[in-house]
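Shown next, in structure tokens, is the structure this report addresses.
The values are calculated or read from the model by the stated rules, or taken from the named source; none is laboratory data. Everything quoted here is computed from the prediction, not taken from an experiment. Ligands, DNA and RNA are stripped out before the accessible areas are found, and what is left, the full protein with its side chains, is counted by its heavy atoms. Shrake-Rupley method; radii C 1.70, N 1.55, O 1.52, S 1.80 Å.
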Amino acid sequence: MAERETTRALAHPDRAEIRLEGVLHALSDPLRLSIVRDLASSDTELACSHFALPVTKSTTTHHFRVLRESGVVRQTYAGTTKLNGLRDADLEALFPGLLDTVLHAATAQEARLTTPAAATADPATARVQTPVTA
């Protein structure tokens, strides 16, 4: 019996079909943003199994589908493995600086929220008190 070659292709929006509101929606979820941050820091495409997400497999699939359908990532098959790559060139061409700004803001937020002093500081009480003289 002859082996037949099959190619599984996933639907991706063309560059011209990528919409700002879809990209912002995809990046608004903390889990999806963590996926994008990992992809941005990688020189290669990453398999879905690379990401240790604290959700079920079906929810993980949903998050990758949202990222793919919004045009944030491109997914391809390598055998049975689904590889994910950030569409940073497309996003930069359409929305200059957006991805870098979001990634920078996410990194700054993470640092702010994981710093013990920042987590307990109350901006309202952190004012310098000047003595009042009569």
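Can you sort S34, S70 by 1.4 Å-probe accessible area, starting with the largest?
Numbers: S34 45, S70 15 Å².
Descending order: S34, S70.
For A11 and D38 in one chain, what is 0.36 nm times their gap in residues minus the Cα-Cα distance, to one decimal in nm?
Between A11 and D38, full extension yields 7.5 nm more.
Provide, for q = 0.23, 0.27 Å⁻¹, the log10 of I(q)/I(0) from a solvent-free Debye sum over equal Cα point scatterers in the stretch 52-110.
Those come out to -1.06, -1.13, one per q.
I'd like to check one number: the per residue accessible area of the stretch 1-90, probe 1.4 Å, reported in Å² as a whole number. Walk me through the numbers on the way to the answer.
On the way: 5740 Å² over 90 residues.
So the stretch 1-90 comes to 64 Å² accessible per residue, rounded to a whole number.
What is the stretch 1-72's relative contact order, in percent, from Cα pairs under 8 angstrom and six or more apart in sequence? Show your work: numbers first, answer last.
Values: 34 pairs, mean separation 38.0, N = 72.
Reported as a whole number, the value is 53 percent.
Can you give the translational diffusion coefficient of the stretch 12-82 in µm²/s, computed by Stokes-Einstein from the Kirkwood radius over Cα pairs at 10 °C and 1.306 mPa s? Could the numbers behind the result be given before it?
On the way: Rh = 12.6 Å.
My calculation gives 126 µm²/s for D.
To the nearest 10 Å², what's E69's accessible area with a 1.4 Å probe?
100
Please give the contour-minus-distance gain from L113 to H50: 0.36 nm per residue of separation, less the Cα-Cα distance, rounded to one decimal in nm. Mind showing how you got there, number by number?
Details: separation 63, 0.36 × 63 = 22.68 nm, distance 2.49 nm.
Extending this stretch completely gives an extra 20.2 nm.
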